[in-house]
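Structure, as structure tokens:
The values are calculated or read from the model by the stated rules, or taken from the named source; none is laboratory data. From a predicted model like this one, the values you see are computed outputs, not experimental measurements. Note: ideal-geometry Cβ built from the backbone for every residue, glycine included; neighbour counts use all protein chains shown.
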Amino acid sequence: MFHLGWFLGSGFGIKPWRGGPWVGDMANEWMKPRLYRDLATSLERAGFDYILVEDTCMIEDVYGGSMKTTLNHGILAPKNDPVPLIPLMTEVTKHIGVAVTLSTSFYHPFMAARTMATLDHLTEGRVGVNIVTSSSNRALQNFGFDGLPPHAQRYEIAHEWMDAVNQLWASWEPDAVVADQDANVYVDHTKVHVIDFEGKHFKTRGPLNTVPGPQRRPVIVQAGASADGRDFASKHAETMLAHGTSIEQMKGFRADMHARMEAWGRKPSECKILFLIDPVLGDSDAVAQERQREMNAPNDDPVVIERLLWSLSYTHNAFDFGNVDLDAPFPDDLPEGIGEISTLQTFIEHAKGKTIREAAATFHTHSGLAFCGSPDTVAGMMGEAMEEVGGDGFLLSPTVNRRNLAEIADGLAPALRKRGLIRSGYTYPTFRENLLEF
């Protein structure tokens, strides 16, 4: 069997709201809880292990030097704080885990440890934390910083941040709460400890001022594909998002992560690597293939190209693609990027030998994993791929609308379950226990 997760790549933010027959009233619904409750209940019915909720804290203006494109199209903005959303999703479910994104650049370790302990209680042990370092100058400026530290330094900070929050979560011994009414002692104060953490970047006295949650330490999630990101995940993460472009690339990534984990003294089974996919489903193989042909056809719509160039500006974070010559080759003399390095590199490889217009019109994020067909066909493809790779599962990232939810929860998941490829139920009460079950 393998695991399933859902990457909510737009977080608690605006979803596609125009240009399709299945958007519903998304323009007015995205900021309300019902859509996310439907997402959680549907994916629990499907047997998913968890939902990963992305987050960003800025309105981007690198592209064209203006917020116009960002706000006109609704790209990563507007967006709400996801932390209050998590208990609303777990309130209507019983088993599925939900991981919220926190940035080591914005959350002080004490605030992060306290927030996550609180969420662990509110979700009854079903919360995880997706740890990011943040890659936007504008986001850093919103919190009073001048700009981004270098990539390697951001991960240096993240390692120290992780050390601090781990010590805070461990500042209460497991049996510190005695609740002895006769002795009038709720907490044995000798089992709650000051940590006096002082590193290069953070300082916190501790202890945490709340009772540890059911998991004590939330499930740690990570999504960095760079060498620094992999090293961080290999030391700390219990599940991670990985990009899969081919079977061989996936096998290589998994082998690299296992070697890194073993170097930290960890067992490879302690971190579940889920590969990002976006399957194309239809009532039959022919219907799905026609949908895929339409999706993958070269698209030189100016709106499509502008959105892609916006995303390149965002991921690079130091170069404005709003002023490039679309009919010129992709520049080979870009200044050093300071944003999402691995994401940008994927497009650079695709753009070799093409003009910017040609590259933008033919770029598809998940083109390397073309899972397309009826639910049963795609289930077979997923099973064969995972058998070749060796594990651990897939992280799906379709556009969020109720048609896609139904296709996956009531079409793909039953086909996977019929083949014995995914769980038929949940054995344990907490996110971590279910994640590490197999």
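So the values come out like this:
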| item | result |
| --- | --- |
| Residue match in the stretch 354-374 (condition: in contact (Cβ under 8 Å) with a residue 40 or more places away in the chain, part of a helix (DSSP H, G or I) and under 20 Å from the mean Cα position of the chain (by Cα)) | no |
| Residue check for Ala242: surrounded by 20 or more Cβ atoms within 10 Å (Cβ to Cβ), under 14 Å from Val389 (Cα atoms) and assigned by TED's automatic domain parsing to the domain that holds Thr133 | yes |
| Residue among Ala318, Ala328, Ala360 that is at pLDDT 85 or above, surrounded by fewer than 20 Cβ atoms within 10 Å (Cβ to Cβ) and of a type in the set (Gly, Ala, Ser) | Ala328 |
| Options Asn166, Asn130; residue that is within 30 Å of Tyr426 (Cα to Cα) and in contact with a helix residue (DSSP H, G or I) (Cβ under 9 Å, 6 or more places away or on another chain) | Asn166 |
| Looking only at the stretch 183-237, and only at residues there that are β-branched (Val, Ile, Thr) and over 25 Å from Leu122 (Cβ atoms), the one that is surrounded by the fewest Cβ atoms within 10 Å (Cβ to Cβ) | Thr190 |
| Ala233 being among the hydrophobic types (A, V, I, L, M, F, W, C) and over 27 Å from Ile86 (Cβ atoms) | no |
